[in-house]
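See below for the structure under consideration.
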């Protein structure tokens with residue numbers, strides 16, 4: 001029986017075989033320079049009884065730069081939608097941290113902009129979308145995050 005099924009198993013077209021999920025990607029332009037995350041995270045959690053999504057990406061290097069956001073989900077079963085960023089709120093907030101040799105050398109709080117989840121794929125549990133934001137660093141200097149895109153980011157639950 002094994003010998004009869006072996007050619008069939010090996011002869012399956014690639015489209016019929018289970019291949020890994022698309023690679024998670026997050027990129028943007030920060031302070032006029034390209035930024036691409038080395039790794040990404042989309043984690044579901046509960047805060048004050050509300051479903052939240054922590055969406056972030058980190059570019060490793062010197063310095064290490066991390067985009068981090070917390071979104072109050074409109075629907076815990078379908079994350080698609082627009083999430084406007086608000087100043088001074090834990091809900092729908094975002095920031096950008098810059099670390100060099102483990103020390104914080106820059107921090108930007110975004111007071112305006114939006115994160116849009118264009119697609120939530122329930123089967124693969126991934127999110128894709130786009131984002132942009134503007135804010136100020138700790139010295140009050142304006143900073144811009146533009147042309148942000150993310151795709152295929154797996155959503156995890158604690």
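Since every read-out is calculated from the coordinates, none of them should be taken as a lab result. Nothing here was measured: the structure is a model prediction, and the numbers come from that model. A quick note on method: Cβ atoms are made from the backbone with ideal geometry, for glycine too, and the neighbour counts reach across all protein chains shown.
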Test for residue 78: is it surrounded by fewer than 18 Cβ atoms within 10 Å (Cβ to Cβ), within 21 Å of residue 39 (Cβ to Cβ) and over 13 Å from the mean Cα position of the chain (by Cα): no
Any idea which of 117, 98 is surrounded by 17 or more Cβ atoms within 10 Å (Cβ to Cβ), in contact (Cβ under 8 Å) with a residue 24 or more places away in the chain and closer than 24 Å to residue 72 by Cβ? 117
Which members of segment 120-134 meet the condition of being surrounded by fewer than 17 Cβ atoms within 10 Å (Cβ to Cβ) and within 19 Å of residue 35 (Cα to Cα)? 130, 134
Here is a check on your reading of the model: is residue 114 assigned to a strand (DSSP E or B) and more than 15 Å from the chain's Cα centre (by Cα)? no
Which numbered condition residue 137 misses (of (1) in contact (Cβ under 8 Å) with a residue 40 or more places away in the chain; (2) surrounded by 15 or more Cβ atoms within 10 Å (Cβ to Cβ); (3) over 26 Å from residue 24 (Cα atoms)): (1)
Counting just the residues of segment 52-61 that are touching a strand residue (DSSP E or B) at 6+ places or on another chain (Cβ under 7 Å) and more than 12 Å from residue 92 (Cα to Cα), which one comes out surrounded by the fewest Cβ atoms within 10 Å (Cβ to Cβ)? 58
